[in-house]
């Protein structure tokens, strides 16, 4: 742990759209953190950093950043396929790690990371399932803890993106892991978290291509559904879509023996309601950025607190392994048409 | 009162748009009532009745209908200027009376009707403030009675019509009594009813012409606002509009010392929510017909029950007088720019 | 068909809670219908009829009612296990039939009814899937027809009852057919109807017992979920529950390529919103009666129109067969843990 | 103006509850600002600053802080009665000024500040009407600018606090200026801003004491209403309350010739909806802190941008004068029972 009084010195790795958000949070909005370094192989991204983060050291390659002795923690916002190795490299260099989800698309690789990370108990590793830090998800979690809905036994959760007519995610399909590992992995983590971390026992998945025929050759779909059974009679239903007309519609419901809660039932962008010839309406959050802007910030603040000696916060490597394990089973079920026992 | 076992024989007077609704309710949907007669001077309206109400006797003039001995009650859906005299004529003919609001646009005339009606204690007279029978308004009233919001001390209420580009109500302006007597009179009745029938002590009104300049010559406005003070520190705020873009937006709020209630906060037409490029939206009730369809029916059922010996239900002549008195004061305040003491 | 001008003479069979609602609608609120007869083996139910329906002939057994030549149509609100035979008996007696859902819990029996009913093309048979007549469901259907959400490809639908601590449905479990045939059958019909009547190809179901352990011995659950695949890449997800804390929460969502619609997202009982120490809240419909009161009425009106020569309205025997077939497959999948191919 | 590249050095004055929020924003969340100094006469507040703001110079009196040459701007979160003189003192010391609302409770004093401030055109002065920076209010403003509701002609706006049984504001009544100057002043500013800064011509106000009789001796009320007329036929209705049961319920509605918008119709605390024995409900924001947390931050960011040479943002001294002028007229109308012409 870092001394409580001093700043946690962070190096961010990857300065794409999401990386920049993280970098700006770390630079300006997280008391107790200093963004001292950033790394990207892309010249245009480094230029952005030069303009926006004047006191940040810039690196073109990850190894050089890891050599920087004046960095306490790395913040990985890199392609998913690099996560596992980059986490291990960082641990070996003695640095705490925050890594965007997923840990890996491969269960065995997740397990290898966990095994090796166990050798570095003094270093924090958190995987970025940011919904755990969204104030509304957190409020729901706290209510469950307080017993206000009785025993929670079912979660329904969805990750639905606004349709991108350009079909960016179609080009991304070969490496995304498919809709369940790319999108539903968040819902899986939410379900486990809100249901008390039960072990999943069986999944069944289905899906369809509503608009993006280009996905067919990769065995992927643009709308996927799944049922997940957990031990103790707990259940989850998942829905993921790439084709919403109205915006990013991400939300969850948790049902207990004495009540239920929805988080984000209507994905309203703000508190404005418009009354006009279309009726009475709320505009919607266009992407997950707008929806989870605060969550990304609180996530960063919590990680910095943890590094300073506070409680572990957010998803552990073990949580991330479970999300990948369940997501992979859903992908397998979609392909085979059969339930997959875990 | 009519004997409990037999049907109340009703004659409806006036078969315009609203009159037809009443006629159909009375003919088909009110157990214990028989629509035995209808009256209209308009040939096209009588033809509609011939087609739709096959067993109903038809009259061209009101006096003939009153001569019909086999009618227990008249149902007046006629121009406002006729209401007072028609009520008196019906009472003199020994018939119960349901009359659409308002009783009269003239306070003195209201008082004359009340004075004479007192001579017919065996006959029921109800003025059609149908919101008292809307299930949601009724639910709010019952909660207040049960004490669930403490002592109610303030009502905010509005009657807002969808804009009619043809400006029908502009042509109607010379006889409508103005926006407060035509529209807010409902809100006034709601406020009195929900606040426990306090006596109004003072009003102040203002207004503007947003779209319909033709109203100016009649001293009327298409958007009017008012504050009404009642004895005991109770208050009401009113808003009436002719220019809504999204539909008929009629609703009320009652505020008490331990809670508040809104009735009809969003004027949704039904339970459908649409999610598309406009956001997430509810379509709205286009007119008061759609909004208060059930209220008109329950109102008719309640009147028939009252005639059969049940409790008086709905607004009495005294209630109607108060609504006219307060509405007239609001019109006077709009014209003078000064508060009017009642 | 009955002559357009004359009344359809109806005999209602079964005067339990739902039967009485139907009887009152037919007696008082359906123009063109006369409730001329009623039948029940239960003395207390006949007494209710004597008090409430004074001009209705009463029978103790179904055969006697069928012998009544002055009945055009029977209205069956009887135990599900009797439906199939009673429909056939009515057809043989030359009477139109309205029958509450389900047609039968047995697919083969459904098919036998269809085969024999084909011999009576002049007689109308409708199965009471009332949601098709709910104004909000109807509005959603009409919008889909108008193309406003593009091509609909997915339905999510649920039937969730308020928890009954007495567990009436546990005692009912031996004959109810289980949660899917008792509850989800409505959602199945909605999904088929809104998706354009596609053929179901495969289902997978799961479930849990949250509160009512007594169901276990019958292989039933109090919370069930299912995925149903239809031809053409269409999908449905279903949820049924007996354990809601807040009321009857029945609703559906239909998702298309250009938009989505929810019907009944919040099961609000009325238009009142209460603001107090609990926050801002809407009370909920306690049972399906309150939620679908209008639908039952419109359903009756539509059936009477159909008998008088109008278009077939509501679910046909073929629709009812499909609902039973899919519901049975869901039950089988729940028991086996395997998907069931149709 | 400060050089664009360097940090704006801010000294905060007043470290009460709201002052601390401002201080934390300036210290940690406003890029381009440094909180270099803080001032309070209260020892406990200085201790808080010592713990929370380690690199901030602390002063016990305002004059000493103004003597600090290394401060570019002061941030006044002090009692309202001190605002006017403190602003002038800061300007004379060559410092930019952000000052919490209101500028003053006295119109003449407002005018004196404006007159003298005109001698310091190089210094920025902003009064903290934070709603202008709330993302939802801002979104509504931008839509109006884009013409999406046609010509806005009416605003309804309210500031309603959760009831404080301890009646803190009763003790505060002698100096608060009364409910209109303390609460409605925000609504007045919103109305002017959303309606295009029209000149107010006349106001009428009323009010009642629902719960806090202690206000009576100060001529104040715990629920106040007002109508404000502006030139060009524009109108506003205001409501302020101290006695809400459900939370801080602050919101506005703007009505135009082609549509309307509400901002904050339901004061939901977050995106969680709870379904339980109370119905379906949203918990509410308890105080204006929770509701406007983001607005306070964006306000600070905008002020710092303005000091660095960006556009003036937020309410000017002239805006603040108008808010006070209208609020004073409302107070006068409440006292006299007569409309007040401006």
- [ ] Inspect all residues belonging to the stretch C:251-263 and state whether any of them is more than 7 Å from every other protein chain (Cβ to nearest Cβ) and outside any strand (DSSP E or B).
- [x] no
Open item on the list: Suppose we filter the stretch D:283-313 for residues that are outside any helix (DSSP H, G or I) and either surrounded by 21 or more Cβ atoms within 10 Å (Cβ to Cβ) or without any contact (Cβ under 8 Å) to a residue 60 or more places away in the chain (or both); how many remain?
Closed with: 5
- [ ] Tell me, yes or no, whether the stretch A:304-326 has at least one residue that is at positive phi and more than 7 Å from every other protein chain (Cβ to nearest Cβ).
- [x] yes
Task: Set D:180, D:169: member being surrounded by fewer than 21 Cβ atoms within 10 Å (Cβ to Cβ) and either in contact (Cβ under 8 Å) with a residue 24 or more places away in the chain or on the phi < 0 side of the Ramachandran plot (or both) - done: D:169
TODO: Tell me, please, whether a residue that is within 14 Å of chain C (Cβ to nearest Cβ) and crowded, with 21+ Cβ neighbours inside 10 Å can be found in the stretch B:192-207.
DONE: yes
Task: Enumeration of residues in the stretch B:179-217 that are within 22 Å of residue D:230 (Cα to Cα) and not in a strand (DSSP E or B) - done: B:179, B:180, B:209, B:210, B:211, B:212, B:213, B:214, B:215, B:216, B:217
- [ ] Can you confirm whether the stretch D:132-141 contains a residue that is farther than 27 Å from residue D:25 by Cβ and assigned to a loop (DSSP other than H, G, I, E, B)?
- [x] no
TODO: From the list D:260, D:269, pick out the single residue that is surrounded by 24 or more Cβ atoms within 10 Å (Cβ to Cβ) and in contact (Cβ under 8 Å) with a residue 12 or more places away in the chain.
DONE: D:260
Task: Search result, residues across the stretch C:215-234 that are over 18 Å from residue C:326 (Cβ atoms) and within 7 Å of another protein chain (Cβ to nearest Cβ) - done: C:223
- [ ] Look at residue A:151 and say whether it is under 30 Å from residue C:242 (Cα atoms) and within 24 Å of the chain's Cα centre (by Cα).
- [x] no
Open item on the list: Checking the structure you have, find out if any residue of the stretch C:149-161 is within 14 Å of chain A (Cβ to nearest Cβ), on the phi > 0 side of the Ramachandran plot and either touching a strand residue (DSSP E or B) at 6+ places or on another chain (Cβ under 7 Å) or without any contact (Cβ under 8 Å) to a residue 60 or more places away in the chain (or both).
Closed with: yes
Task: Test for residue A:199: is it closer than 22 Å to residue A:237 by Cβ, out of contact with any helix residue (DSSP H, G or I) (no Cβ under 6 Å at 6 or more places or on another chain) and not assigned by TED's automatic domain parsing to the domain that holds residue A:299 - done: no
TODO: Quick one: which residue in B:271, B:281 is touching a helix residue (DSSP H, G or I) at 6+ places or on another chain (Cβ under 6 Å) and within 14 Å of chain A (Cβ to nearest Cβ)?
DONE: B:271
TODO: Could you check residue B:212 against (1) at pLDDT 95 or above; (2) more than 14 Å from chain D (Cβ to nearest Cβ) and say which number it fails?
DONE: (2)
Open item on the list: Looking at A:277, A:236 in this structure, which one is on the phi < 0 side of the Ramachandran plot and in contact (Cβ under 8 Å) with a residue 24 or more places away in the chain?
Closed with: A:236
TODO: Return yes or no: is residue A:279 surrounded by 22 or more Cβ atoms within 10 Å (Cβ to Cβ) and outside the structural domain of residue A:30 (by TED's automatic domain parsing)?
DONE: yes
Open item on the list: Against the condition within 12 Å of another protein chain (Cβ to nearest Cβ) and modelled with pLDDT of 95 or more, how does residue B:337 come out, does it pass?
Closed with: yes
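The values are calculated or read from the model by the stated rules, or taken from the named source; none is laboratory data. What you are looking at is a predicted structure, and each value in this text was computed from that prediction instead of being measured. Positions of Cβ are generated from backbone atoms using ideal geometry, with glycine treated the same way; all protein chains shown enter the neighbour counts.
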